[in-house]
Number of protein chains: 2
Amino acid sequence: MLSKKTKYGLKALTFLANRKENCPVQISEIAKSENISHKFLESILLTLRKSGFLGSKKGKGGGYYLLKTPEEIFMTDVIRCLEGPIAMVPCVSLNFYEKCDDCPDENACSVHKLMIQVRDSTLQVLRNTTLANLTQ
Amino acid sequence: MLSKKTKYGLKALTFLANRKENCPVQISEIAKSENISHKFLESILLTLRKSGFLGSKKGKGGGYYLLKTPEEIFMTDVIRCLEGPIAMVPCVSLNFYEKCDDCPDENACSVHKLMIQVRDSTLQVLRNTTLANLTQ
DNA sequence: TTTTAACCTATCATTTTTATAGGGTAAATG
DNA sequence: CATTTACCCTATAAAAATGATAGGTTAAAA
């Protein structure tokens, strides 16, 4: 299940990408338009800024804006930033690998086998989708 | 992230499918072999029995056994039984559909759009994989 | 009738998720 | 240079989901 954090993050990014001018947009404006709690959205945008997706400006007329063009923002990167691993089990994760406690040999594990296939098919979608594909 | 419930359930099913004879196997034997808590596994096998994947026999020589051949047990069905929806958001779920609170129009939602694609690519894998593909 | 092993319900502990509180800091404005 | 604005940051708490345990019940075999 996709967390609200990731869902809201994607909606906010889409909102920014849909604007004609890439000038700072206030948290409040995004929160209101997308029905998101202001404070919760604030923490999400902060994460996106720290990961290099967004820039920010303080004070009057401040807000958040995209640091890249929508075409350059890949879903793999956004989801890994907000949601964490794309794989459904840590033992098949490319970026967040972890060994399973209960598995003596992961090459013999049936779940491992299946989840590699699921991961790869999900990756194929996410790698070929950018923020630009979500707009309009 | 795949729950332990689903993971353990898949491992147990694979364990049963890998046996030469389809005779009752005790919970304890599966639990020991797969490093799963006996009681937790018990509740999982109960779920699988109630959904028609497994049969059971009480008393001495009792245990659980497959009710279908491994070729007839599809990953879509097992995962929906143990994990719930395959989709990452309820608004794109085929079997567990729910409207989102925050979305006035889901056809205009960027997340909705993306998650339909992810769902479909995952489904393609799970629909084409049976328990038989996980064995040996 | 004793033993075995599944059946069933309730409960609890832990972790994760979601959300809120409240003050701090930088920038624009007049 | 004071005031307002709006992002920055840490801590915390409420809620939900997950993982695990406890303990007795029932059916079947020996």
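The values are calculated or read from the model by the stated rules, or taken from the named source; none is laboratory data. Note that the coordinates shown come from a computational prediction; the quantities given were computed from them, not determined experimentally. Glycine also receives a Cβ, built like all others from the backbone with ideal geometry; neighbour counts cover every protein chain displayed.
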| said: Just to verify a result, which residue in the range B:51-89, among those that are touching a strand residue (DSSP E or B) at 6+ places or on another chain (Cβ under 8 Å) and of a type in the set (D, E, K, R), is farthest from B:Ile116 (Cα to Cα)? | reply: B:Lys57
| said: Just to be sure before I move on: is A:Ala12 surrounded by 13 or more Cβ atoms within 10 Å (Cβ to Cβ), closer than 27 Å to B:Leu82 by Cα and of a type in the set (Gly, Ala, Ser) in the structure I sent? | reply: no
| Here is a list of conditions, (1) assigned to a helix (DSSP H, G or I); (2) in contact (Cβ under 8 Å) with a residue 12 or more places away in the chain; (3) more than 9 Å from DNA strand C (Cβ to nearest atom), and B:Lys7 meets all of them except one; can you say which number that is? | (2)
| field | From B:Leu114, B:Leu82, B:Leu94, B:Leu54, residue being more than 22 Å from A:Asn35 (Cβ to Cβ) and either surrounded by fewer than 20 Cβ atoms within 10 Å (Cβ to Cβ) or within 10 Å of chain A (Cβ to nearest Cβ) (or both) | value | B:Leu94
| task | Output the number of the condition that A:Asp77 fails; it satisfies all remaining conditions of (1) near DNA strand C (Cβ under 10 Å from one of its atoms); (2) at pLDDT 95 or above. | result | (1)
| query | Within the range B:63-77, which residues are surrounded by 15 or more Cβ atoms within 10 Å (Cβ to Cβ) and part of a helix (DSSP H, G or I)? | reply | B:Pro70, B:Met75, B:Thr76, B:Asp77
| If only one of B:Lys32, B:Lys60, B:Lys39 is in a helix (DSSP H, G or I) and within 12 Å of DNA strand D (Cβ to nearest atom), which one is it? | B:Lys39
| query | Looking at the range B:117-132, which of its residues are part of a helix (DSSP H, G or I) and surrounded by fewer than 16 Cβ atoms within 10 Å (Cβ to Cβ)? | reply | B:Asp120, B:Gln124, B:Arg127, B:Ala132
| For the range B:1-29, which residues satisfy the criterion of being within 12 Å of DNA strand D (Cβ to nearest atom), of a type outside the set (D, E, K, R) and within 9 Å of chain A (Cβ to nearest Cβ)? | B:Met1, B:Leu2, B:Thr6, B:Tyr8
